[in-house]
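Below is one structure; the comments refer to it alone.
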Amino acid sequence: MNINLDENLGYSYGNNLAAKYIYEHSLAEYLIIMNPDMFIPKKGDLDNLVGKIDRARKENSKIIGGQPVIHTMGQSKYLSIRRIPDKFDMLIQVFFPLRILWRDRYKKLWFEDLMPFNSDVTYYIPSGSFFVIDTKEFVDNIKMFDKRTFLYEEEVILGYKIRLQNKAMLLDHSIVMNHSQGESTGAKNNSMNWFMFKHMLHSKNIYARDFLKTSTFFLIILDTLFYLNFSSQRIVKLLFRIFNKK
């Protein structure tokens, strides 16, 4: 089944439209939100994951979905789930020097304190590249993705709303799937162009302003640090290319 739109209204809008259609027509108990650059290496992994979520929900009514461990291809770490970021976490995320200074805090945000995962983990923010979630919970209770987020941070806002509803997600540590990050957006090696930066900044502002209830002054600081980080990365890459040609 295809749902055709006259224009590209973004990741959140498209997934919401499909989820609402599936819910209204009672087509599936669970939704699979999945990027086209995800790889499922083993036959039966999806069935096993949904089975694990079903069993967990019988023991813990808070669980509404989950995901496998996701390996971003080309990276040694399995960074896919996150804790809910507060205001200071947001500043750390957008400005590399702060990530160095508060390295342990940044690692904890990404659950690196629990790696390698030797048991299942409950969490709130799923990977934007792949997760499974109860259709009714996603549409009726969580109210889907925030459609204002065209690209990026939609999973952060979703996780925040999951926690508000006193619900949670489950990481199945026994299943690993691969993500060829950048294939779906065209951003290789974690590079970011102006289009991507603009939408990420917009989404971060939505989360900070409307969910964390930050001040205008905080948003100015957040935007400034993010601009500095983005500009410095672009300059370094430009210099690297120039000197590499010599």
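The values are calculated or read from the model by the stated rules, or taken from the named source; none is laboratory data. The structure displayed is predicted, hence computed values, not measured ones. Counting neighbours? That spans all protein chains shown, and the Cβs are built from the backbone with ideal geometry, glycine included. These accessible areas exclude ligands, DNA and RNA; they are computed on the full protein's heavy atoms, side chains included. Shrake-Rupley method; radii C 1.70, N 1.55, O 1.52, S 1.80 Å.
Key figures for this structure:
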| item | result |
| --- | --- |
| Answer label, with mean projected area of the Cα convex hull in nm² calculated from the coordinates and candidates (1) 15.2; (2) 18.7; (3) 13.2 | (1) |
| Of all accessible heavy-atom area on the stretch 1-118, the percent that carbon and sulfur account for (1.4 Å) | 51 |
| Highest-fluctuation residue, D104, D54, D89 considered, GNM on the chain with Cα pairs under 10 Å | D104 |
| Candidates per trypsin sites (Lys or Arg not before Pro) in the stretch 70-137, loop by DSSP, up to 16 other Cβ within 10 Å | K77, R83 |
| Area of M1 that stays accessible when all protein chains are in place (1.4 Å probe, Å², to 10) | 150 |
| Solvent-accessible area per residue, Å², over the stretch 88-246 with all protein chains present [probe radius 1.4 Å] | 53 |
| Relative contact order %, the chain, counting alpha carbon pairs below 8 Å whose residues are six or more apart | 29 |
| 5 angstrom amide H check on I125, placed H, neighbours 5+ away | R82 |
| Computed P(r) (all Cα pairs; the stretch 11-144; 5 Å bins; percent) | 2, 9, 16, 19, 20, 16, 11, 6, 2, 0, 0 |
| Share, in percent, of DSSP beta bridges within the chain that are antiparallel, nearest 5 | 60 |
| Simple spin-label estimate for D45 and V176 in nanometres, 7 Å along Cα-Cβ | 1.0 |
| Apportionment of accessible area to carbon and sulfur, the stretch 199-246, percent (1.4 Å) | 68 |
| Computed helical MRE - 222 nm, the chain, DSSP H runs ≥ 4 contributing -39500 (n - 2.57), nearest 500 | -13500 deg cm²/dmol |
